[in-house]
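Right, one structure below, let's go through it.
The numbers here are math on the coordinates, done by the rules we state, and not lab data. Small disclaimer: the values here were computed from a predicted structure and weren't measured. So basically every Cβ, Gly included, is an ideal-geometry build from the backbone, and we count neighbours across all protein chains shown.
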Amino acid sequence: MANKRIAKSNKLNGSDLTNEDLLDAYSTMVLLQALDKRIWIMNRQGKAAIVASSQGHEAAQLGSFWALKHHSVNPWFFPYYRDLGIYLAAGINPAELMIGYMAKKGEPLSGARQFPLHGADLSKRIINQSNVVATQVPHAVGSALASKIRGEQIVSITYFGDGASSEGDVHEAMNFASIHKLPVIFLCENNKYAISVPQKLQMAVDDISLRASGYGMPSDVVDGTDFLQVYNATVEAAQRALDGDGPTLIEAKLERFLPHTSDDDDTRYREPEELQLAKQSSDPVAKFKEFLILNKIMTKEQSAQIDERAKAEVNNATNIAESAGQPDGDDFYEHVYATKVE
Ligand SMILES: Cc1ncc(C[n+]2csc(CCOP(=O)(O)OP(=O)(O)O)c2C)c(N)n1
Ligand SMILES: [Mg+2]
């Protein structure tokens, strides 16, 4: 099968979301950016051990989340370490997330025994067991297989980077999912770097989506800094999954605004001009804001209120996390063994 592109929605602005939905999504995006910035500061103060920032990836994470929120029931999420937006949108609150980065008592995913964002919150239907690149991808395929066997109308979605797309796990997962027409969405957040290695040295193709054709799977390439483009592509992929037509690979092209993690120095391999240009032209939050104001969906006053609310929430989360205690020794095994999934 050729690398088939999915027909784009032809509705005005390409979405079925109401203005209220869009404002809700934008408010979450502003909160995500504010929280991410504060977490980075906590790292610089020596209070958060390691951070992989989501800055630049906000639209890919929230656009796909909103699509599943509106077009599927009880989806399963298999994100990776950069996907703070998925956790926030799924309802893990900013204080719990900050507690996680500071490895304090009350962290919901692993009891603060893992790298930030790793572990699982089954009530929020999020599983991300490991920092080993791409391991979440076969997990999502297994989850989709389980849904198919049980006859459930449930979509699983997994997120991974451009670097991860060269891992055997990803290819095996895509191959299996496509053969068995499993209800899974592969969403690649292509920020053009795997730590310091640029895409050109990772693969000999420009589009990761081209790989889908090798498995007989449709794919789509979207501007991953545009909330609505990601939303639409994910809605169509979810529909295909629910119709029994199998998986889709979505490649969201976007920018990583900060070093790979707080332990990395990107000035050693990235030109400052390149980064400067990316920030000017590809900031998902600024782009979404401009779209909402130009289309008169949001006033400048509303925008300022959203900013203020986000700031207050992040301040509150920081205070709660700063005053939280250290994890207790006696809950050491709590997150180790499986709990029953309802
Ligand atoms: C199997 C494996 N190999 C190498 C690493 C070290 N490592 C951690 S993140 C990373 C780069 C991943 O890049 P990409 O998939 O593009 O995701 P990004 O961080 O850019 O979002 C590497 C090589 C690892 N954690 N696991
Ligand atoms: Mg990358």
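Among the residues that make up segment 205-214, is at least one of them touching a Phe, Trp or Tyr at 6+ places or on another chain (Cβ under 9 Å) and not hydrophobic (A, V, I, L, M, F, W, C)?
No; the residues of segment 205-214 include none that is touching a Phe, Trp or Tyr at 6+ places or on another chain (Cβ under 9 Å) and not hydrophobic (A, V, I, L, M, F, W, C).
Scanning for something part of a helix (DSSP H, G or I) and under 23 Å from ALA52 (Cβ atoms), does segment 292-302 turn up at least one residue?
No, segment 292-302 contains no residue that is part of a helix (DSSP H, G or I) and under 23 Å from ALA52 (Cβ atoms).
Among the residues of segment 264-288, write down those that are within 16 Å of ligand 2 (Cβ to nearest atom), out of contact with any Gly (no Cβ under 8 Å at 6 or more places or on another chain) and part of a loop (DSSP other than H, G, I, E, B).
Scanning segment 264-288 gives ASP264, TYR269, ARG270.
Cβ-Cβ under 6 Å, sequence separation 6+ or interchain: first residue in segment 245-261 and on the phi < 0 side of the Ramachandran plot and in a loop (DSSP other than H, G, I, E, B), partner within 11 Å of ligand 2 (Cβ to nearest atom) and of a type in the set (Val, Ile, Thr). Which pairs?
HIS260/ILE195
Would you confirm, using the coordinates I've provided, whether LYS105 is without any contact (Cβ under 8 Å) to a residue 40 or more places away in the chain, away from ligand 1 (no atom under 16 Å from the Cβ) and among the basic types (Lys, Arg)?
So LYS105 fails the test.
Can you find, within segment 205-217, the residue that is nearest to the chain's Cα centre (by Cα) among those that are assigned to a loop (DSSP other than H, G, I, E, B) and away from ligand 1 (no atom under 16 Å from the Cβ)?
Among those that are assigned to a loop (DSSP other than H, G, I, E, B) and away from ligand 1 (no atom under 16 Å from the Cβ), it is MET217.
Would you tally the residues in segment 12-63 being among the charged types (D, E, K, R), farther than 22 Å from ILE320 by Cβ and buried (at least 17 other Cβ atoms within 10 Å of the Cβ)?
1
Taking the conditions exactly as written (crowded, with 20+ Cβ neighbours inside 10 Å and not hydrophobic (A, V, I, L, M, F, W, C)), does PRO183 satisfy them or not?
Against the criterion (crowded, with 20+ Cβ neighbours inside 10 Å and not hydrophobic (A, V, I, L, M, F, W, C)), PRO183 qualifies.
In segment 159-193, which residues are of a type in the set (Phe, Trp, Tyr), closer than 24 Å to LYS148 by Cβ and part of a strand (DSSP E or B)?
Correct list: TYR159, PHE160, PHE186.
What about LYS105, is it surrounded by fewer than 24 Cβ atoms within 10 Å (Cβ to Cβ), among the basic types (Lys, Arg) and in a loop (DSSP other than H, G, I, E, B)?
yes
Name the one entry in ILE179, ILE149, ILE195, ILE157 that is more than 16 Å from ligand 2 (Cβ to nearest atom) and within 18 Å of the chain's Cα centre (by Cα).
ILE157
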